[in-house]
C-alpha cells in the first residue's frame, strides 16, 4: 500500500458542474488561508483525501490525542442556488517534495477532478511577490490557461499580463496539466511581502473571488488574522536582535511547523 | 536482488497474538534505547531482517572482523505466561533516507506485521522535545491511531492530547499505515532535551511500558547509561570551546556513527 | 499523464536528412543564446515539445497573461537549398534536475532524433571555462563522438584535444547517447568567463557554425547583447559593495529566473 | 535506452575461476589507485563496461578530442600460471549518487561477477582513516564476509577486527551483496589521512595483495606518486593562506575533477 499517490473518497457525492479552488501551502500561505477561510465560513464537508509517498514523511499530532497522515483534502461547498456550480476546495498540509512527486500528485489531482468529479474549471491560489518592503494594499495578479479566459475576469480588479517569472508547485502545475487536458483555469495571486502567513494578500484574493463567484464572504476572522499579524510583525521587529521566534500553531488556516519528534 | 525493501526470516516462528514495539533511530535515540534494552534484558531472539535500497548505502564493520548490511531487525520476546501476547521488537541501524523510501519501508513493516505475523497492536517509541534546556524529570507523551485507544492507557502516567506538531519517520508513519489497515496503535514519546542519546527519556518510556505490559524490567544498565551521559555532558560543557567530541561506539543500544571509509 | 518524459508534435513535418543543434541552459547560457539567436534570425518554427517530470516543477508566466509548462522545444530551419540538410534546433527553459532525469530526458531526445526524425548528426553547444578573469577574445573548443569526426571540422577555427575535464548535462549526455546509437556528433564550446549570460562566447560559436553550415547569420542583436553585458558588468562592479542585482527578463534568448510565487 | 544500469561486453572472454578486485573512487582514492596500478603494470585489457543512470550526468573529455560517458570498467589480468585464478579488475570514474543507485549498481556488479563471469571471491579496496594527522607508515585493515575467511589471510600483515564504524558505497555493498549470494570476500583498507589521493595507503594495500596473490608488482610509478604527493603537500601548506589549489588531472590513476562545462 501507499507506493503511489492515492485519492480516497470520504463520502460519496453527486456534484453539479463543479469548479475546483486549489489553496495549498506556498508563498505567504495565501492559497491555504483562502481555502481554509472558505471551508470554515461555508462549513464545507470533506469528500476525499489524497495521500502520497512524495509528501514529507510526517504525521500530524491532533489535539484530541490521535494522529493523521499528512495529506491534501477535498471539501465540498454545495451551490446555494439550484443548478449553480458546486465548489470543490482543495487544501492540505504539504506539497510534494521532488519535481517527480509534484508531477505525480498534481496530475492525479487534475485527473481526479476531470475524470471522476467531471469538473471543468480550476482556480489555483498563490502569493506573488515583486520586491522588498511591506505591501500596504495588496494587488491581485492572475495568469490563465489560455488568453481567451481573461475576458471572463474583466472588471474584477485582477491584473493580467503583468506578473513575471515562474509559478512553482501546485498552483502552476495544476493549471498546466488542466491545459493539457483541455480544461480552463486561472491562477489568482495576492501580492505579498515575504510574510510567512499573509492574511492581507489572502483577503485581497477572497475579495475578487467573492465578486466573481457571487459569494458573500464574512471577513471577520481574516481581519483578526491581519490585525494579529501586524502586531506580531511589530513584536518581531523589536525581537530581531535576539533571534527569538514565537512558536506556531497547527490548523487548516495556518502552516504546520515541523517539531522535533520521530 | 535488493531493488525493493525485503524482509527475510532468520528463523521460522509461531506467534501468539503478537504486539509490535518499534524502536528505531530518532530524536534522542529514545526508540532505539528502549528496543535495545528490552532485547538485551529479555534475551529476545532475532526472527527476521529487513533490507532496503532506501537505507543509506552502508555496511557495518563488526568487532569479529566481518561485516553486515545496515538493516532493521525483528526480535521475539515470547510471552512469559501461557496465552499471553508475544512481543515482537523492531530495532535497526537506520531509517530510510527519502519520503518515498520511508513510505515503502514503513508500509512493508506494517504489512509484514499484519499479514505475516498476524499481529494487531503496535507501539512506536520516540523522543519529544518542547523547548530548550535540560529535562530533569522526563514526562511521557503519546498519540494514538483513534481516540478510543486512549482509554486503554489511562492511569499509566501518559499524557495525551498535549503533544503538538509533527512526528517524522517510522514512529509516525507506522502508526498512520496501521490505522489505514484498521490496526490500532500508540506512539509513546519520552520528553527529551536534544541529547543525541537520551537514556533518561528512554527509562521514562520503559517505566510506563513495564506497567502497561506487566513486565519487570531491570534498569541497572539503563541507569548506568544515564550516569555516563551526565558525566559526558559535563565533560562536553568543559570541552565546548575546543570543538573536541569523544568517539562513539556501535551496538544495538547506541547510534552508529559514520566513519571515514569507503 | 506526465509520469514519463514525453515529446509531442506541434506540427507534422517532413524533414530532409536533418541535423540537430542543441542549445539548452548551461554555463554562460552559451547554448541557449546560440539556439535562440538562430531561431530568431531564421524564423524557425516550433515542431515539437518535450515535457518531463524530471524538470523543475515550474510554469512560466507569459506576457500575454497565460502560462506554459517548462519544456524543451524543437524548432525547424528548413534548408535554403534543395536537397540540403534541414536543421532542427533544440532549446528550452531548463534541464533535468537529477542524474536519472538527465539520462531519461537526453536519451529521449536522441531516440526521437534518430528514430522519429531520422537524423544522423548532432551539434551540442556549451560554454567552457578554464580559469579566472574576463576572456577578451573567446576561443572555440570542441569534442566529438569519435576522433574520425575531427577531420570534418579542420580549418574552422575549432580547437580539438585541448579541453579537459567533464561536460555536465545535455551537451555531454546527448553526444554520449548518440555515440551509443552509432550517430556522430560534436560538442562545440565557447570559452567563457563565468558570466551568467555570455554573448561573446555565443557569438564565437555562431561564427564557426556559420562557416561550417554555410549560413549567413546577422549578428546585430548578438552584438547588442555583448555591448549591454559589458555595460552591465561595469555597473555590477560599481554595485558589488551593495549586493544589489538588477532584475532579469524571460525569453528564448535569456535564462529564466525563478521568482517568488507558488 | 539507458534507463537501467547496463553492463556491455567489450570483448568476449573465457575466464578461469576468476576473482574480482574492486577499486573505485573513494576515501584517499586508495581503491582507484590500486586498480589503476594493477591495470597499468599488468597491461590488463578491458572486457566490459558498466553504465548507469545513477552515475553523475557527466561525460569525460578525452585527450584525443573525443568523449566518453562516465562508467565503471572491468579489466582482465589472465593468470600467469596454467589453471590459476584469472583476476578481473573493476575501476571507474564515479560511484552512484543515491542509496537506491548504489544498491542497483552494486548488486548488478555482484550478479554479473557471479552469474556471468562465474567468479567466487571478491576483494574490495578502500581507505580507512582513524584520526587526524599524517600517517607515516599506513597499516592495512580488513573486514570479511564471514569470520571463517579471516584464516585465509593470516600472516599477511592485515589487521582484522580493529576497524570500526561504517563502510560507505561499493567497497561495503559489494561485499554485503556477495554475502547474500553466498560468495566470500574481503574489504582491504589502507590507513589514510584525508589526502585526496593517498598513494602511500595504496602501496600498503598493494604490498599485502602482492603477497597473498603471489604477484610481483613493480612499485616505481607508485613511489613516484608518493614523492610527488609529499612535495604537493608541502606546497599546499605554504599556499593554505591564499586558498589557491593547483588543477587536477584526469586518468585511471587519479580522481577526475568536475570542471565548468555543460
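At negative phi and without any contact (Cβ under 8 Å) to a residue 40 or more places away in the chain, is that true of residue A:43? When the stated conditions are applied, residue A:43 does not pass them.
In the range A:48-72, the qualifying residues are those that are over 25 Å from residue B:162 (Cβ atoms) and more than 7 Å from chain B (Cβ to nearest Cβ), and the one that is nearest to the chain's Cα centre (by Cα) is A:72. Within the range C:154-171, the residues that satisfy the criterion of being touching a helix residue (DSSP H, G or I) at 6+ places or on another chain (Cβ under 9 Å) and at pLDDT 95 or above are C:158, C:160, C:161, C:166, C:167, C:168, C:169, C:170, C:171. For the range D:145-158, the set of residues classified as more than 8 Å from chain B (Cβ to nearest Cβ) and under 19 Å from the mean Cα position of the chain (by Cα) consists of D:158 only.
The requirement of being touching a strand residue (DSSP E or B) at 6+ places or on another chain (Cβ under 7 Å) and either part of a strand (DSSP E or B) or more than 11 Å from chain C (Cβ to nearest Cβ) (or both) is satisfied by residue A:127.
Residue D:192 fulfils the conditions (1) within 26 Å of residue D:98 (Cα to Cα); (2) touching a strand residue (DSSP E or B) at 6+ places or on another chain (Cβ under 6 Å); (3) modelled with pLDDT of 95 or more except for a single criterion, (3). Taken residue by residue, the range C:172-195 has at least one member that is part of a helix (DSSP H, G or I), under 29 Å from residue D:2 (Cα atoms), out of contact with any helix residue (DSSP H, G or I) (no Cβ under 9 Å at 6 or more places or on another chain) and without any contact (Cβ under 8 Å) to a residue 40 or more places away in the chain. For the range A:92-120, the set of residues classified as away from chain C (no Cβ under 14 Å) and modelled with pLDDT of 95 or more consists of A:93, A:116, A:117, A:118, A:119, listed by residue number.
Just so you know, in the range D:7-33 the residues that are touching a strand residue (DSSP E or B) at 6+ places or on another chain (Cβ under 6 Å) and within 15 Å of residue D:120 (Cα to Cα) include one that is nearest to the other protein chains (Cβ to nearest Cβ), and it is D:22.
Annotation: residue C:37 fulfils all but one of (1) within 22 Å of residue A:165 (Cα to Cα); (2) in contact with a strand residue (DSSP E or B) (Cβ under 9 Å, 6 or more places away or on another chain); (3) away from chain A (no Cβ under 14 Å); (4) in contact (Cβ under 8 Å) with a residue 40 or more places away in the chain; the unmet one is (2). Residue selection: residue A:88 satisfies the criterion of being within 22 Å of residue A:158 (Cβ to Cβ) and in contact with a strand residue (DSSP E or B) (Cβ under 9 Å, 6 or more places away or on another chain).
Among the residues examined, residue B:28 does not qualify as over 30 Å from residue B:166 (Cβ atoms) and touching a helix residue (DSSP H, G or I) at 6+ places or on another chain (Cβ under 6 Å). When residue B:89 is tested against the conditions (1) under 27 Å from residue D:122 (Cα atoms); (2) crowded, with 22+ Cβ neighbours inside 10 Å; (3) more than 9 Å from chain D (Cβ to nearest Cβ), the lone failure is (1).
Per the conditions (1) modelled with pLDDT of 85 or more; (2) in a loop (DSSP other than H, G, I, E, B), the sole criterion not satisfied by residue D:249 is (1). Would you confirm whether any residue within the range C:87-99 is closer than 30 Å to residue D:97 by Cα and part of a helix (DSSP H, G or I)? Yes, some residue in the range C:87-99 is closer than 30 Å to residue D:97 by Cα and part of a helix (DSSP H, G or I). Residue check: is residue D:25 outside any strand (DSSP E or B) and within 16 Å of the chain's Cα centre (by Cα)? Yes; evaluated as a whole, the condition is true for this residue. Residue C:177 satisfies every condition listed in (1) at the interface with chain D (Cβ under 7 Å from one of its Cβ atoms); (2) under 26 Å from residue C:98 (Cα atoms); (3) in contact with a strand residue (DSSP E or B) (Cβ under 7 Å, 6 or more places away or on another chain) except (3). Of these, A:167, A:186, which one is closer than 25 Å to residue A:222 by Cβ, at the interface with chain C (Cβ under 7 Å from one of its Cβ atoms), surrounded by 20 or more Cβ atoms within 10 Å (Cβ to Cβ) and in contact with a strand residue (DSSP E or B) (Cβ under 7 Å, 6 or more places away or on another chain)? The unique qualifying residue is A:167.
The combined condition, being part of a helix (DSSP H, G or I), over 30 Å from residue D:171 (Cβ atoms) and at pLDDT below 90, is not fulfilled by residue B:241. Could you list, in sequence order, the residues of the range C:153-164 that are under 21 Å from residue C:206 (Cα atoms) and either surrounded by fewer than 20 Cβ atoms within 10 Å (Cβ to Cβ) or free of Cβ contacts under 8 Å to residues at least 12 places away in the same chain (or both)? Passing the criteria: C:153, C:154, C:155, C:156, C:157, C:159, C:160, C:161, C:162. Only residues that are within 16 Å of the chain's Cα centre (by Cα) and more than 21 Å from residue C:154 (Cα to Cα) were counted across the range C:199-225, and they come to 3. Scanning the range A:146-162 for residues that are in a loop (DSSP other than H, G, I, E, B) and out of contact with any strand residue (DSSP E or B) (no Cβ under 7 Å at 6 or more places or on another chain) yields A:154, A:155, A:156, A:161.
Residue-level analysis places residue C:135 outside the set of residues that are crowded, with 19+ Cβ neighbours inside 10 Å and within 17 Å of the chain's Cα centre (by Cα).
The values are calculated or read from the model by the stated rules, or taken from the named source; none is laboratory data. It should be emphasised that the depicted structure is a prediction, and the values quoted were computed from it without experimental measurement. Neighbour counts are summed over all protein chains in view; Cβ atoms, including those assigned to glycine, are modelled from backbone coordinates with ideal geometry.
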